[in-house]
1. Provide a single number: the residues in segment 362-371 that are open to solvent by 50 Å² or more (accessible area, probe 1.4 Å) and either over 17 Å from Thr441 (Cα atoms) or over 28 Å from the mean Cα position of the chain (by Cα) (or both).
2. Looking at segment 196-214, is at least one residue at positive phi and of a type in the set (S, T, N, Q)?
3. Return the total of residues in segment 17-73 being open to solvent by 100 Å² or more (accessible area, probe 1.4 Å) and either closer than 20 Å to Asn7 by Cβ or touching a Ser or Thr at 6+ places or on another chain (Cβ under 7 Å) (or both).
4. Name the residues in segment 392-442 that are outside any loop (DSSP other than H, G, I, E, B), among the aromatic types (Phe, Trp, Tyr) and open to solvent by 30 Å² or more (accessible area, probe 1.4 Å), would you?
5. Look through Ala376, Ala389 and report the one residue that is closer than 27 Å to Ile349 by Cα, among the hydrophobic types (A, V, I, L, M, F, W, C) and surrounded by fewer than 16 Cβ atoms within 10 Å (Cβ to Cβ).
Amino acid sequence: MADQVINPAEQLDAVRAEMEQIINRAQTDARELTDEESKRFDLLDGDAKEIVRQIEVADAERARKAQEATARQARLDELATRMAPSRVSVSEPNMYDRKSPNSFFLDLARMHKGDYQARDRMYRYGEQRNRALNTTAGTGGEFAPPVWMIDEWIKLARPGRPTANLMPTKPVPKGLSSIHIPRIKTGTSVGVQGTQNTAISQTDLTTDAISVSFTTLAGGQVISQQVIDQTPAVNFDDVVLQDLAADYAHQVNQFTLNTASTGLAALADVNTVTFTGTATGAAFVAALYRKVAGAIAKINTTRYAPPTHIIMHPNRWYDIISTFDSSNRPLVVPAPVAFNPVATADGLIVEGPAGNWLGLTVVLDNDVPTNLGTGANQDEIYVVRAPDALLMESPVTAGVFEQTYANQLSLFVRLYAYVGFAIRHGSSASSVSGTNMIDPTF
């Protein structure tokens, strides 16, 4: 057990209190101090003077450090003013925009080797983004990627984040590994009073909480120094950072859809609609229409609020689009239309909003599982009320590190962020699944 640290002021009060007790005892007895009491008093008096001296020294040291901190901050402010001309120029272009000859990662790597111009650009970029740059030795320095890279992350040839983009988002709180969102589990009651002056309805509400744990999504890539020095800067940024960022976007989508116990496809208390049978073609679409309507009804009658989206795999949507009625007319047609179709389509969409069905926006997502069921060949359709979800994301942080890889003339490029996801009401989502949801073939 660690020794308890005594505050000097409290220690001084204790010494003086004991000295006062010695004097009070002698006065009460109307006598002089005994030899033993005199020795103890003199010892305590010496202790009190030493404690006072220590307090004065500590106060002087604090004042000195405060004065030095003020002077140091003044010097830093002056230096920042000299290094950041953008403060007086509101029209300076983004330091790392798409057309800039500067490389974000190239400057990040060079600034730690004493490149003044690279350091100046990074700090000026920090002024533009109002984000802090960490140059602590041993950490490599971490910085937020340029905005234009973020804007283009999900446009690469990877699955994107269509489901995640539906959800309300909040930042991850600093310094926490999880949070608990309180909610009312069972409510109060109101009833008809039997007669006057008789007891009225009273039911105590109960509460619980939803836990949101934060998970780290991270990835990295070893890059040779030759790539830094000899490859055009735009290629380095495009190939490495954007590819890491694209997979990060995909993993966030997987997190909201398929994460065990919290993802949309894994919620324990989601409304379920079972779709069995062997119907195909128009008969399948007609039967599915009723099942999806049933999934909507379950949300309406348990959440008492309407859903907002229907999420399905692209294969399922295009199977529906390719179906004809008995007169060889497509059941789903581009909007607007002159007759009564099953649904309307917005075009040949790869991911994201693709049309309208039963008054809800259809969202296509390649991360919807297609390996479900005993035959590992079934998919699901999800009906959700997106405002009842909560997706928490920290800012994405990128860094370049020389440590460990210096003996092979390499750098390590790293990207990471923290995410958490929860559905506030289990009744805010419904799934349609079963043996009739075999992945279609074309």
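1. The first filter runs over segment 362-371 and keeps only residues open to solvent by 50 Å² or more (accessible area, probe 1.4 Å), leaving 366, 371.
In the following step, the residues that additionally are either over 17 Å from Thr441 (Cα atoms) or over 28 Å from the mean Cα position of the chain (by Cα) (or both) were identified as 371.
Total satisfying the criteria: 1.
2. Going through segment 196-214, the residues at positive phi turn out to be 197.
Keeping just the survivors that are of a type in the set (S, T, N, Q) gives 197.
Yes, segment 196-214 contains at least one residue that is at positive phi and of a type in the set (S, T, N, Q).
3. The qualifying residues number 6.
4. First, pick out the residues of segment 392-442 that are outside any loop (DSSP other than H, G, I, E, B): 392-393, 397-401, 406-408, 410-423, 426-433, 438.
In the following step, the residues that additionally are among the aromatic types (Phe, Trp, Tyr) were identified as 401, 412, 416, 418, 421.
Of everything in segment 392-442, those that are outside any loop (DSSP other than H, G, I, E, B), among the aromatic types (Phe, Trp, Tyr) and open to solvent by 30 Å² or more (accessible area, probe 1.4 Å) turn out to be Phe412, Tyr416, Tyr418.
5. Values: Ala389 fails: surrounded by fewer than 16 Cβ atoms within 10 Å (Cβ to Cβ).
Only one candidate qualifies: Ala376.
The values are calculated or read from the model by the stated rules, or taken from the named source; none is laboratory data. Keep in mind the model is a prediction, meaning the values are calculated, not measured. Don't worry about glycine lacking a Cβ; one is built from the backbone with ideal geometry, like all the others, and counts go over all protein chains shown. The area values use the complete protein model at the heavy-atom level, side chains included, leaving out ligands, DNA and RNA. Shrake-Rupley method; radii C 1.70, N 1.55, O 1.52, S 1.80 Å.
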